[in-house]
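*Asks:* Structure provided below as structure tokens; questions to follow.
The values are calculated or read from the model by the stated rules, or taken from the named source; none is laboratory data. Keep in mind that this is a model prediction, so the values were computed, not measured. Glycine gets a Cβ as well: all are built from the backbone with ideal geometry, and neighbour counts include every protein chain shown.
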Amino acid sequence: MSSQFSGAFAKVRRAAEQMTNLKTVIDNHVDTNVPVIVIEPDPVTGDKIAKLKLQRPIPDTINLAAGEIIYHLRSALDHTAIAVARLSQVANEKTIYFPTGPSLTEFEREIGKKLRGVAPHLVDAIKETKPYGGGNEALRAVFEMANVDKHIELIPIIANQVTMLVSNLIIHGTLMLNSHPFQSLDEGIPFANLGKTGSISARNTKSKLTITVHVCFGQSACLGRPIIPTIDAMIINVGQAIDLICDRAGSIHGNLP
């Protein structure tokens with residue numbers, strides 16, 4: 001028989017295909033966009049501020065692609081909810097959505113609203129996936145990030161490597177090391193105030209410092225999480241959730257990647 005879950009599986013496969021392309025785009029952007037030291041004037045004091053900054057900002061195509069992948073995953077879960085509703089012969093599918101919540105209590109409250117009329121054993125299958133805060137955090141993140149919009153905010157960060165950079169420089173000025181781990185390289189990470197006459201030079205002109213750039217989420221739901229492993233985890237967990245529900249429903253699987 002034809003699987004009621006074919007649409008959900010197709011959405012996950014599409015997300016996985018797009019993720020393969022996104023990884024290539026991100027790798028190319030990072031590899032060809034080396035952070036450089038720039039000197040910019042402080043708009044208030046006029047002091048020279050030394051910053052580490054990417055030569056080019058993250059292109060919008062990366063933000064949009066990330067948003068589309070997460071949208072496909074959210075859609076796959078809602079397709080799954082519709083599938084269990086049809087198997088349960090629910091009369092009004094328009095009220096059916098895959099439930100979630102910031103906590104188990106909120107999730108259980110949503111079940112009553114979004115799975116009304118669904119067979120108890122299929123409701124139990126959805127409960128097993130734990131798509132709520134404190135349960136399956138990857139599934140919960142799909143819902144949180146899908147609500148943001150398709151344009152996902154991303155920030156390129158260097159994961160606390162500024163201190164290592166400074167140790168390789170001779171700085172005639174005042175250090176401005178910030179303990180915040182998620183400063184954006186797009187905007188520039190300030191690390192020294194050179195005043196009006198300060199300067200920077202390499203401690204060893206023959207040494208070369210390699211800075212590793214990570215593209216991370218900028219929204220509070222996933223703030224600071226690297227985009228590639230985070231979305232990979234979303235794809236895996238959504239696929240596993242649909243597989244589990246499909247098993248409980250006794251339907252044919254959709255050949256997930």
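*Asks:* Within the stretch 72-108, restricting attention to residues that are in a loop (DSSP other than H, G, I, E, B) and of a type in the set (Ser, Thr, Tyr), which residue is surrounded by the most Cβ atoms within 10 Å (Cβ to Cβ)?
*Replies:* The selected residue is Thr100.
*Asks:* Here's a follow-up. Quick one: which residue in Leu77, Leu87 is modelled with pLDDT of 95 or more and not basic (Lys, Arg)?
*Replies:* None of the others qualify; the one that does is Leu77.
*Asks:* In addition: Tally the residues that are in a loop (DSSP other than H, G, I, E, B), in contact with a helix residue (DSSP H, G or I) (Cβ under 8 Å, 6 or more places away or on another chain) and not small (Gly, Ala, Ser), restricting the search to the stretch 1-37.
*Replies:* 2
*Asks:* Of the residues Ile62, Ile126, Ile111, only one is out of contact with any Asp or Glu (no Cβ under 8 Å at 6 or more places or on another chain), within 24 Å of Cys222 (Cα to Cα) and at pLDDT 95 or above; which?
*Replies:* Just a single option satisfies the conditions, and that option is Ile126.
*Asks:* Here is a follow-up. Name every residue in the stretch 1-51 that is more than 30 Å from Gln240 (Cα to Cα) and of a type in the set (D, E, K, R), in order of residue number.
*Replies:* Selection gives Asp31, Glu40, Asp42, Asp47, Lys48, Lys51.
*Asks:* In the stretch 109-142, how many are surrounded by fewer than 20 Cβ atoms within 10 Å (Cβ to Cβ), assigned to a helix (DSSP H, G or I) and free of Cβ contacts under 8 Å to residues at least 60 places away in the same chain?
*Replies:* Here the count works out to 10.
Rundown of residues vs (1) part of a loop (DSSP other than H, G, I, E, B); (2) at pLDDT 70 or above, yes/no style:
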{"site": "Ile171", "(1), (2)": "no, yes"}
{"site": "Ser179", "(1), (2)": "yes, no"}
{"site": "Ser184", "(1), (2)": "yes, yes"}
{"site": "Lys196", "(1), (2)": "yes, yes"}
{"site": "Ile200", "(1), (2)": "no, yes"}
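*Asks:* Anything in the stretch 38-71 that is without any contact (Cβ under 8 Å) to a residue 12 or more places away in the chain and part of a loop (DSSP other than H, G, I, E, B)? List them, or say none.
*Replies:* Those that are without any contact (Cβ under 8 Å) to a residue 12 or more places away in the chain and part of a loop (DSSP other than H, G, I, E, B): Pro43, Val44, Thr45.
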